[in-house]
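Next up is a structure, given as structure tokens.
The values are calculated or read from the model by the stated rules, or taken from the named source; none is laboratory data. These numbers come from a predicted model, not from an experiment. Positions of Cβ are backbone-derived with ideal geometry, glycine not excepted, and every protein chain shown enters the neighbour counts. Note: accessible area is taken over every heavy atom of the protein model, side chains too, but ligands, DNA and RNA are not part of it. Shrake-Rupley method; radii C 1.70, N 1.55, O 1.52, S 1.80 Å.
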Amino acid sequence: MRPREALWSALGIFLVALVVRAVFAAQIVFPKPEDTAYYVGVARNLVEGRGLVSDAIWSFSTPPLTFPRPAFEVWMPLPTFLAAIPMAILGATFAAAQASSVLIGAVVPVLAWRLAADVAAERSLPVGRARTLAIGTGLTCAVYLPLVLHSALPDSTMPFAALALGACLLMARLLRDPRGARLSDPRLIGVGVLLGL
């Protein structure tokens, strides 16, 4: 795929995914299920200056059983930080918290498109079939209901999907062109950062 064609394909898939997710997210006006409510509640507390505390008991097996309680005894903090960024700019609302999820969710189909294009290249598919596989994968991911649903909820699903896909793309490039893959190789550092997040 030529660079200009690849850019337009990626941009088109991103825009379709973004519009679908924004329209769907507008229909969800309350954080559900409970993990989403937890992330949004802690993000709201962070934005309001109360710190990383929760006003709910998520697990009765992790003391202290008081309110407010320290956050993240069970859940990872990344989704809260991602929700807090737009909340700090747009206000401490659920709609603002959804903004990062919608944006990250729209990146996932683009990463899937790129992964499918890499698979097509590895399989030496003809140009037409490779293009159909890549764009078809990206557009399918752009409208696939489970991915759309989790893109409207500020939880860990879409950020971790994007991080995992990014790591897979970098790992494939390292395997295809190792060049020694020393510790100073930015691709290797990138894989470590993505897996660490």
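So which of V127, V143 ends up being out of contact with any strand residue (DSSP E or B) (no Cβ under 8 Å at 6 or more places or on another chain), modelled with pLDDT under 95 and surrounded by fewer than 17 Cβ atoms within 10 Å (Cβ to Cβ)?
V127
Need pairs with beta-carbon distance below 9 Å; first residue touching a residue at least 40 places away in the same chain (Cβ under 8 Å) and within segment 9-28, second among the basic types (K, R) and open to solvent by 20 Å² or more (accessible area, probe 1.4 Å); sequence gap 6+ or separate chains.
Listed pairs, sorted by first residue: S9/R131; A10/R114.
Right, something else. Search segment 100-121 for residues that are of a type in the set (S, T, N, Q) and pair each with any residue that is at pLDDT 95 or above and surrounded by fewer than 20 Cβ atoms within 10 Å (Cβ to Cβ) when their beta-carbon atoms are under 7 Å apart and the residues are at least 6 apart or on different chains.
Matching pairs, first to second residue: S100/I85.
Just one of (1) open to solvent by less than 50 Å² (accessible area, probe 1.4 Å); (2) without any contact (Cβ under 8 Å) to a residue 24 or more places away in the chain; (3) over 17 Å from P159 (Cα atoms) trips up A96, so point out which.
Only one criterion is unmet by A96, namely (3).
Then there's this: Whether any residue in segment 79-89 is part of a loop (DSSP other than H, G, I, E, B) and surrounded by fewer than 22 Cβ atoms within 10 Å (Cβ to Cβ) is what I want to check. Break it down stepwise before answering.
Of all residues in segment 79-89, those part of a loop (DSSP other than H, G, I, E, B) come to none.
There is no residue in segment 79-89 that is part of a loop (DSSP other than H, G, I, E, B) and surrounded by fewer than 22 Cβ atoms within 10 Å (Cβ to Cβ).
Quick one: in segment 17-35, of everything that is in a helix (DSSP H, G or I) and within 19 Å of P68 (Cβ to Cβ), which residue is least open to solvent (accessible area, probe 1.4 Å)?
As a first pass, look at segment 17-35 and keep what is in a helix (DSSP H, G or I): 17-26, 34-35.
Retained after the next criterion (residues that are within 19 Å of P68 (Cβ to Cβ)): 34-35.
Values: E34: 110, D35: 27 Å².
The residue in question is D35.
Quick one: which of S101, S151 is in contact with an Asp or Glu (Cβ under 9 Å, 6 or more places away or on another chain), among the small types (G, A, S), under 26 Å from Y38 (Cα atoms) and buried (at least 20 other Cβ atoms within 10 Å of the Cβ)? Explain how you work it out, then say what you get.
Values: S151 fails: in contact with an Asp or Glu (Cβ under 9 Å, 6 or more places away or on another chain).
Being in contact with an Asp or Glu (Cβ under 9 Å, 6 or more places away or on another chain), among the small types (G, A, S), under 26 Å from Y38 (Cα atoms) and buried (at least 20 other Cβ atoms within 10 Å of the Cβ) holds for just one of S101, S151, which is S101.
Follow-up question, since we're still on this one. Can you name the condition, by its number, that G128 falls short on among (1) part of a helix (DSSP H, G or I); (2) over 19 Å from L18 (Cβ atoms); (3) touching a helix residue (DSSP H, G or I) at 6+ places or on another chain (Cβ under 9 Å)?
(3)
Here's something else I'd like to know. Please indicate, with yes or no, whether at least one residue in segment 54-75 is open to solvent by 70 Å² or more (accessible area, probe 1.4 Å) and under 30 Å from L174 (Cα atoms).
no
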